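Heads up, the thing below is written out as structure tokens.
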């Protein structure tokens, strides 16, 4: 008669005709059960399963758990064969505690500390938008009293905010006469200055955190650009798995999809354009520079994921490659027939 091995979260059991012949229950401890659940999820065998296989004795054995299938165990058995956990003193509360312990361990193992850098970068982007809107409004309101000196929009808004935020500042002849409006405008100017101060603190925090989180990537790209690349990729772990060709166009997703629709040429760079070597290069050389930089960034991200120390040769290799590209000059490229858009190619088929 064929015996069947039934494995559960609370142990392993040998059944014949749906009757338990041998029982190897697991310890009644949530942490121990969580360890066994993790072993089973990874395809390994628990101590109870090994003990049951060792004491099962001669004779054909079957199991519907493919982890146990081997020389002495074939795949098969009764689909309805079950073991009641209550009969062995395993209440539902213990199962819930074990599942929660497994989830907590999985989250801890998959946790990427760079998520805090990502949030800081996103906060910087939001504050930039807010700062521009509030600064424009402060400068516009201040110009109603006295014409402002021409300059960069950010510098103009900053001067106006400092002038309006001072307690002793009095409105000009054409300024508001109501004290409530004067106070409200002063509060708006102070809000602009506070947002600006908060943004500086966030940028300083990123400058301090990135060399610790991703030293190789920071040495290659600079703290702020490295943080933006990590944020755009969805974390350092995911960035380390991306090919260099994808890293090259990170941040240019909209242009890439426009290219797929046949409305634009393929993007040659995304966020990497912010690197000084690419931003200041002639237009024809930017694609080659971005490709070279993306290759080194991919290596740096993988080194950082493994906790490797800083390797300055990465930056040196890129700088040598950049010099070679600049020395080659704007070489004309042979004309190539552009591929049809994906939607048009699908229609042709």
Check whether at least one residue in the stretch 209-218 is outside any loop (DSSP other than H, G, I, E, B) and surrounded by fewer than 17 Cβ atoms within 10 Å (Cβ to Cβ), and report yes or no.
yes
For residue 32, which of the numbered conditions (1) in contact with a helix residue (DSSP H, G or I) (Cβ under 7 Å, 6 or more places away or on another chain); (2) assigned to a helix (DSSP H, G or I) fails to hold?
(1)
Restricting to the stretch 72-127, what's the tally of residues that are at pLDDT below 90, in contact with a helix residue (DSSP H, G or I) (Cβ under 9 Å, 6 or more places away or on another chain), in a loop (DSSP other than H, G, I, E, B) and over 19 Å from residue 235 (Cβ atoms)?
1
When every residue in the stretch 247-272 that is more than 19 Å from residue 216 (Cα to Cα) and assigned to a helix (DSSP H, G or I) is compared, the one nearest to the chain's Cα centre (by Cα) is 253
With the condition kept exactly as written, say whether any residue in the stretch 46-60 is at pLDDT 90 or above, within 36 Å of the chain's Cα centre (by Cα) and more than 12 Å from residue 10 (Cα to Cα).
no
For the stretch 264-281, check the following and say yes or no: at least one residue is surrounded by fewer than 17 Cβ atoms within 10 Å (Cβ to Cβ) and closer than 14 Å to residue 325 by Cβ.
yes
In the stretch 1-37, anything surrounded by fewer than 16 Cβ atoms within 10 Å (Cβ to Cβ) and within 43 Å of the chain's Cα centre (by Cα) is listed as 27, 28, 29, 31, 32
Sort out which residues of the stretch 70-93 are under 27 Å from residue 31 (Cα atoms) and free of Cβ contacts under 8 Å to residues at least 40 places away in the same chain, and write them in order of number.
84, 86, 87, 91, 92, 93
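The values are calculated or read from the model by the stated rules, or taken from the named source; none is laboratory data. The structure presented is a predicted model; accordingly, all values stated were derived computationally and were not measured. Every residue, glycine as well, gets a Cβ built from its backbone with ideal geometry; the counts of neighbours run over all protein chains shown.
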